[in-house]
Each structure stands twice: as structure tokens, then as C-alpha cells.
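Read through the structure below, which is laid out as C-alpha cells, and then see the notes.
The values are calculated or read from the model by the stated rules, or taken from the named source; none is laboratory data. Just so you know, these numbers come straight off a predicted model, no measurement behind them. Please note: Cβ atoms are built from the backbone with ideal geometry, for glycine as well, and neighbour counts cover all protein chains shown.
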Amino acid sequence: MIGYVTIGVSDMEKAKTFYTELLGGMGAKLLLDMGRIAFIGESMKGPMLAVCTPFDGAPNHPGNGNMLAFWPGSKEAVDTYYQKAIDLGARCDGEPGQRIPDKFYGAYVKDMDGNKLAFYHFG
């Protein structure tokens, strides 16, 4: 259903490196780089993350309430991806933990541009 989600960034090279390294363990790679926009995912036929500098040339601004959520497959993987994001330069926006007993486990970070990311596991 989702083709791709786009987030605005201030430094394309940093963003491409951050997201390809962060999501590489889930099979993601740089699929298409068109200069101002780059697509990252497993294949062009699956859901992708696009990073781009804003079309209007104005500074990027993360939206209040916008968030990208990634499902890495287990609670342990949530912890791993959270720590990997921190190691790659993201900042904590909610340490890994059980949010809803027996239902939702999550961790939250903000990338270098302030875009909010979640890693989650149901159960």
C-alpha cells in the first residue's frame, strides 16, 4: 500500500549514510539517487524511504507529530536498532521499553535533522 515516505533533510550525504547504515540490517540499500532525492529500501517494488532537500529551497522542518516507524522483528532488534541510530548520530527521544504491557514495545530517536523515528514490536 505505501510506495514511499519522504523526509526533508539538510545534508543529503549524511542522510544517505545514516539511513543506509541504520536500515541495512533490514535489507535496505540505496536504490536510486537523483541528486536532490534518494530512495532507500529493499527494492523499487516495495515500501521505500526517500530523503530529499526541499523542492522550494527553503530549510527542511520535521513536522510536529510526524514519525516513521520501523518493525525490525523482535524486542531485541528494537534495542539493537535504537542503539545503532544513537551510534550513528541520532538523539534519544524515548529509550527502549514496554509501552503497553504485553502489547507494544518501542524506542524513539530523532535523526540529525529532527525527524522522529520509532522502532517497535507488537507483543
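Can you find, within the stretch 109-123, the residue that is surrounded by the most Cβ atoms within 10 Å (Cβ to Cβ) among those that are over 10 Å from the mean Cα position of the chain (by Cα) and on the phi < 0 side of the Ramachandran plot?
HIS121
Just checking, how many residues over the stretch 1-38 are in a strand (DSSP E or B) and either surrounded by 20 or more Cβ atoms within 10 Å (Cβ to Cβ) or of a type outside the set (A, V, I, L, M, F, W, C) (or both)?
Qualifying residue count, the stretch 1-38: 7.
Looking only at the stretch 33-42, decide whether some residue is in the same structural domain as TYR19 (by TED's automatic domain parsing) and acidic (Asp, Glu).
yes
If you take the residues of the stretch 39-68 that are farther than 20 Å from LYS14 by Cα and in contact (Cβ under 8 Å) with a residue 40 or more places away in the chain, which of them is surrounded by the fewest Cβ atoms within 10 Å (Cβ to Cβ)?
So the residue we want is ASN66.
Would you please name the residue that is nearest to TYR120 (Cα to Cα), looking only at residues in the stretch 47-72 that are at pLDDT 95 or above and among the small types (Gly, Ala, Ser)?
Checking each candidate, the answer is ALA69.
Which condition number does MET1 fail, the rest of (1) over 13 Å from the mean Cα position of the chain (by Cα); (2) at pLDDT below 95; (3) in the same structural domain as ASP111 (by TED's automatic domain parsing) being met?
The failed condition is (3).
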